[in-house]
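What follows is a single structure, written as structure tokens, with notes after it.
Values quoted throughout were computed directly from the atomic coordinates according to the rules given, and no laboratory measurement underlies them. The structure presented is a predicted model; accordingly, all values stated were derived computationally and were not measured. Positions of Cβ are backbone-derived with ideal geometry, glycine not excepted, and every protein chain shown enters the neighbour counts.
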Amino acid sequence: MLSFCLVLFVGLKMKTWRGRFVLGAAFCCLALVQIAATAGVVTFGTLPGPNGTAFSSVTEDGITVTSTSGAWQQAFMVGNPVPSIFTHSSTASITITTGGLFDFASFDLGTGGGGGPAFSVSEYLSNVLVHSFSGTNSNASFSTITDSFASLVDRVVITTSIAGLTTSANIDNIRTSTIPEPATLALLGLGLFGVAVARRRSH
């Protein structure tokens, strides 16, 4: 916020259209920097271990990952890189929340053995399902599963399935983008307005 105040002070001292243009452009740049800083990732790097310890919940980068079904464990032998979490349950799920709205980006899905685990992702807003997708990681190594659907949600459930496989399902590097602060959005709008006014007066 100090940067925004400084730009505002300097911009107000400028009476010309060029000064207003600089003010608007600076506001836009600073706001975009703030927006870009809202991306987060859960690497499970704060897990204490050792390998095989039961996993219940972890919070990193403002993102909370909670075991909601099946038996999840801490993985210190397999990861992208280690640690990660894994399950030998036929079907298991985890829930992702941030305490607010966010856009789910991706997660890494791997295995500790042969064969690829199947997955499904369900995204909710106020307990209403707004998007879902599913698939299978056919690789023996980790693959990044990307969500191409851009939408703000407040809860995401990832379900894995290894039915009929002698392997584990491992999850790592859960990525989200949280919405920017209202003040930042307001400043971005103000910056765009300043650019528009400056361009209009210059013609």
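A Förster distance of 22 Å, applied to the separation of the beta-carbon atoms of S69 and L101, puts the FRET efficiency at 0.35.
Give me the extension gain from A39 to T144: residue separation times 0.36 nm, minus the current Cα-Cα distance, reported in nm with one decimal.
Using 0.36 nm per residue and subtracting the Cα-Cα distance, I get 36.2 nm.
Estimated at 0.36 nm per residue, the fully extended path between S90 and M77 surpasses their Cα-Cα distance by 2.6 nm.
Over all distinct alpha-carbon pairs, what is the Kirkwood Rh of the range 73-174 in angstrom?
13.8 Å
This model, with +1 at the C-beta of Lys and Arg and -1 at the C-beta of Asp and Glu, gives the range 53-158 a dipole about its Cα centre of some 260 debye.
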